Amino acid sequence: MFALQMILLVLGSAAGVFYIVMLVRGGKYAGMAEQMDKETFSNRDFCGAGFAMHKISLFAMKGKLAKELRTQAKLLYGETYGEFYAQLYHARAISVTAMLAAFVLLAAALVSALWTDMLIPVLLGGGILCAAMWIDQAGEMKKTIGERREACLSEFPNVISKLALLVSSGMTLYQAWSEIAQGRDGPIYELMRRACESVENGTDEGSAYYQFGILSDSQEIRKFSSMLVQSLEKSSAELVGFLMQQSKELWELKRQRMLQKGDEAATKLIIPTTLMLVGILIIILSAVAMSMTGAL
C-alpha cells in the first residue's frame with residue numbers, strides 16, 4: 001500500500017508541476033479569451049494553459065472531437081471565427097480537466113495515507129468527476145446550440161405568420177424579413193439579422209436564407225429555408241400562398257410539439273409520484289402495524 005501511495009504522490013506532483021508550467025507558458029495566450037463574457041463562458045481564465053497544452057501532440061485538438069467542435073463553433077460563431085472558438089473551448093476543457101486530475105491524484109495519495117480503505121472510492125469518484133468535468137466543458141457549445149434550436153423552433157411559427165402578412169401587404173420578401181428581424185430580440189431574430197448582414201455585404205438572398213436554415217440547426221427550419229429559396233423565382237402571389245401554407249403547417253407542428261413535451265413531462269413525474277405514494281403507504285402501514293402491536 002505504501003508503494004501505491006508513493007506512486008500516486010509522484011504522479012499527482014508531476015501532474016501539478018506540469019499544469020503550473022503550462023499555466024506559466026500560457027500567459028501569452030491569456031488575452032485570447034478576454035472578449036468572452038465570464039458569466040456565459042465560465043473558467044475562461046484557464047484557457048491560456050490549454051493553448052499551451054495544444055503545442056503537445058497528446059493534447060492537440062484532433063479526430064472526431066475536433067470535427068464536432070469545429071462544426072458547433074461554425075454554427076454559433078460563423079465560418080470566419082469557427083476555428084478560433086473551437087480551439088478556445090477545447091483549450092478550456094483540457095486545462096480544467098488536467099487541473100482537476102492533478103488535484104484528484106494528490107488527494108488520493110493524502111487520503112490513502114490517513115484512511116487506507118478510502119483509496120479506491122476517492123480514485124473512482126475522482127475519475128468520475130474528471131470525466132463529468134470534461135463532458136460538461138467540451139459539450140457546452142452543443143448544449144448552447146440545442147437551447148438556441150428549441151428557442152428558434154418555438155418562435156418560428158410567429159415569424160412565418162408575420163412574414164406572410166407583410167409580403168401579402170405588398171412588401172418584398174427581403175423588406176419583410178428585415179422588418180421582422182429588427183422588430184424583436186431573440187435567437188431566431190439574431191439569425192435573421194445575420195442573414196440581412198450577409199445580403200448587405202454582397203451575398204445573394206437565396207444563399208443568405210439557406211445559411212439561416214443551416215445555422216438554426218433545425219430540420220424544420222432548414223426544410224423551410226430550402227423551399228423558400230426555390231420559391232424566390234416564383235410570382236408574388238405564389239410566394240404569399242407558400243408562406244401562408246407554411247404558417248399553417250408550422251402552427252400545427254408547434255401544437256404537436258407542445259403536446260409531446262406535456263406527455264414527456266407527465267412521464268417524468270410518474271417515478272417521483274410513485275415514490276411518494278409508496279412512502280405514504282409505508283407510513284400508513286407502519287402506523288397500523290404499531291397500533292395492532294400495542295393492542296396485542
- request: Can you tell me which residue among 137, 219, 175 is in contact with a helix residue (DSSP H, G or I) (Cβ under 8 Å, 6 or more places away or on another chain) and open to solvent by 70 Å² or more (accessible area, probe 1.4 Å)?
  value: 175
field: residue 231 vs. criteria at pLDDT 80 or above, closer than 17 Å to residue 167 by Cβ and out of contact with any Asp or Glu (no Cβ under 9 Å at 6 or more places or on another chain)
entry: no
task: Could you tell me whether residue 191 is surrounded by fewer than 19 Cβ atoms within 10 Å (Cβ to Cβ) and over 22 Å from residue 42 (Cβ atoms)?
output: no
query: Only one of 58, 11, 4, 110 is open to solvent by less than 80 Å² (accessible area, probe 1.4 Å) and in a helix (DSSP H, G or I); which?
result: 4
- prompt: Which one is surrounded by the fewest Cβ atoms within 10 Å (Cβ to Cβ), of the residues in segment 194-216 that are among the hydroxyl-bearing types (Ser, Thr, Tyr) and farther than 19 Å from residue 141 by Cβ?
  reply: 207
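Is at least one residue of segment 52-72 modelled with pLDDT under 85 and among the aromatic types (Phe, Trp, Tyr)?
no
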Conditions (1) without any contact (Cβ under 8 Å) to a residue 24 or more places away in the chain; (2) over 30 Å from residue 198 (Cα atoms); number of the one not met by residue 74: (2)
task: Report, by residue number, each residue of segment 14-45 that is surrounded by 12 or more Cβ atoms within 10 Å (Cβ to Cβ) and closer than 18 Å to residue 106 by Cβ.
output: 14, 15, 16, 18, 19, 20, 21, 22, 23
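The values are calculated or read from the model by the stated rules, or taken from the named source; none is laboratory data. Note that the structure is a prediction, hence the values are computed from the model and not measured. Using ideal geometry, Cβ is built from the backbone for each residue, glycine included, and neighbour counts are taken over all protein chains shown. All accessible areas refer to the heavy atoms of the entire protein, side chains included, with ligands and DNA or RNA removed. Shrake-Rupley method; radii C 1.70, N 1.55, O 1.52, S 1.80 Å.
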